[in-house]
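Following: one structure in structure tokens, then a few remarks.
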Amino acid sequence: MSNKKKIAVLVSGGGTNLQALIDAQGRGELGPGEITLVIASKPGVFALERAAKAGIEGRVLARKDYDSIAAYSKALADTMTAEGIDLVVLAGFLTIIDEQVYEAFPNRILNVHPALIPSFCGKGFYGLHVHEAALEKGVKVSGATVHIVTPECDAGPIILQKAVAVQQGDTPEILQRRIMEEAEWKILPEAVKLFCEGRITVENNKVYIKGE
């Protein structure tokens with residue numbers, strides 16, 4: 001079974017996207033991918049309980065234990081390299097990391113963003129802020145984007161996107177939930193599967209998917 005791809009999921013909170021990946025794995029929908037490690041940036045987060053329940057190793061690499069972004073990034077990169085990780089997925093990971101991680105895993109870090117990039121992305125656009133901004137602008141569709149992570153915030157090559165209708169009377173919380181259910185939880189496992197099957201190539205900051 002040497003074609004297995006080891007996946008590390010990085011979390012900072014409840015881990016709803018982690019759960020979507022665990023559920024997809026349980027249904028055999030990650031292809032040769034297997035989540036072998038969950039790393040939390042702080043102790044006691046619910047995502048670690050989700051990992052434990054699924055029989056996946058969970059570790060805490062607490063940001064507060066390191067005196068700089070560089071020291072933390074090195075520890076993170078070293079930990080994942082030692083575990084032979086093939087793919088890194090950021091699932092609500094809110095800790096800043098530097099180029100040491102990107103260089104250790106070039107084009108091998110994925111993130112899901114709760115909007116259609118390049119709209120409502122970049123610095124400050126996370127969590128409910130994204131949905132507040134979308135509703136304030138009065139957009140008729142929003143959605144989610146899975147992209148490869150690069151040092152520039154939310155600017156990496158886009159793998160998959162899915163649009164979700166904005167409805168009258170939506171609050172940021174309602175829109176957030178709909179985008180999770182209809183987009184994030186669907187396209188994140190799909191992108192992980194494409195990666196693990198070796199179907200993603202990156203050229204000139206664009207993603208090409210084989211067999212499409």
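Being out of contact with any strand residue (DSSP E or B) (no Cβ under 6 Å at 6 or more places or on another chain), in a loop (DSSP other than H, G, I, E, B) and open to solvent by 50 Å² or more (accessible area, probe 1.4 Å): is that true of PHE125 here? Yes: the conditions hold for PHE125. Name every residue in the stretch 194-212 that is touching a residue at least 24 places away in the same chain (Cβ under 8 Å) and open to solvent by 80 Å² or more (accessible area, probe 1.4 Å), in order of residue number. The answer is ASN205, LYS206. The condition of being in a loop (DSSP other than H, G, I, E, B), within 23 Å of THR150 (Cβ to Cβ), modelled with pLDDT of 95 or more and within 18 Å of the chain's Cα centre (by Cα) holds for only one of ILE7, ILE85, that being ILE85.
Run down PRO118, PRO151 and say which single residue is open to solvent by 30 Å² or more (accessible area, probe 1.4 Å) and touching an Asp or Glu at 6+ places or on another chain (Cβ under 6 Å).
Values: PRO118 fails: touching an Asp or Glu at 6+ places or on another chain (Cβ under 6 Å).
After applying the criteria, what remains is PRO151.
The residues of the stretch 88-118 that are over 30 Å from VAL139 (Cα atoms) and not in a strand (DSSP E or B), listed by number, are ILE97, ASP98, GLU99, GLN100, VAL101, TYR102, GLU103, ALA104, PHE105, PRO106, ASN107, ARG108.
Residue pairs whose Cβ atoms lie under 6 Å apart, sitting 6 or more positions apart in sequence or on different chains, and linking a residue in the stretch 126-154 that is of a type in the set (Ser, Thr, Tyr) to a partner that is surrounded by fewer than 18 Cβ atoms within 10 Å (Cβ to Cβ), are THR145/GLN161. Annotation note: of ALA191, ALA183, ALA134, the sole residue that is over 15 Å from the mean Cα position of the chain (by Cα), in a helix (DSSP H, G or I) and buried (at least 20 other Cβ atoms within 10 Å of the Cβ) is ALA134.
Open to solvent by 50 Å² or more (accessible area, probe 1.4 Å) and either touching a His at 6+ places or on another chain (Cβ under 7 Å) or in a loop (DSSP other than H, G, I, E, B) (or both): is that true of ASP78 in this structure?
Working: open to solvent by 50 Å² or more (accessible area, probe 1.4 Å): yes; either touching a His at 6+ places or on another chain (Cβ under 7 Å) or in a loop (DSSP other than H, G, I, E, B) (or both): no.
Spelling it out, it is not the case that ASP78 is open to solvent by 50 Å² or more (accessible area, probe 1.4 Å) and either touching a His at 6+ places or on another chain (Cβ under 7 Å) or in a loop (DSSP other than H, G, I, E, B) (or both).
Of the residues that sit in the stretch 144-159 and are outside any loop (DSSP other than H, G, I, E, B) and in contact with a Leu (Cβ under 8 Å, 6 or more places away or on another chain), which one is nearest to VAL101 (Cα to Cα)?
Kept after step one, since they are outside any loop (DSSP other than H, G, I, E, B), are these residues of the stretch 144-159: 144-148, 158-159.
Those still in the list that are in contact with a Leu (Cβ under 8 Å, 6 or more places away or on another chain) too: 144-148, 159.
Values: ALA144: 24, THR145: 21, VAL146: 18, HIS147: 16, ILE148: 13, ILE159: 20 Å.
This residue is ILE148.
Quick check on my filter: what residues within the stretch 30-63 are in contact with a helix residue (DSSP H, G or I) (Cβ under 8 Å, 6 or more places away or on another chain), open to solvent by less than 20 Å² (accessible area, probe 1.4 Å), within 14 Å of GLY15 (Cβ to Cβ) and of a type in the set (A, V, I, L, M)? If the condition is that a residue be in contact with a helix residue (DSSP H, G or I) (Cβ under 8 Å, 6 or more places away or on another chain), open to solvent by less than 20 Å² (accessible area, probe 1.4 Å), within 14 Å of GLY15 (Cβ to Cβ) and of a type in the set (A, V, I, L, M), then ILE35, LEU37, VAL38, ILE39, ALA40, ALA47, ALA51, ILE56 are the ones that fit. Here the stretch 88-109 is the region considered, the condition is being out of contact with any Leu (no Cβ under 7 Å at 6 or more places or on another chain) and over 15 Å from SER41 (Cβ atoms), and the residue that is most open to solvent (accessible area, probe 1.4 Å) is GLU103.
The values are calculated or read from the model by the stated rules, or taken from the named source; none is laboratory data. Computed from a predicted structure; not experimentally measured. A quick note on method: Cβ atoms are made from the backbone with ideal geometry, for glycine too, and the neighbour counts reach across all protein chains shown. Only protein heavy atoms, including side chains, enter the accessible area calculation; ligands, DNA and RNA are left aside. Shrake-Rupley method; radii C 1.70, N 1.55, O 1.52, S 1.80 Å.
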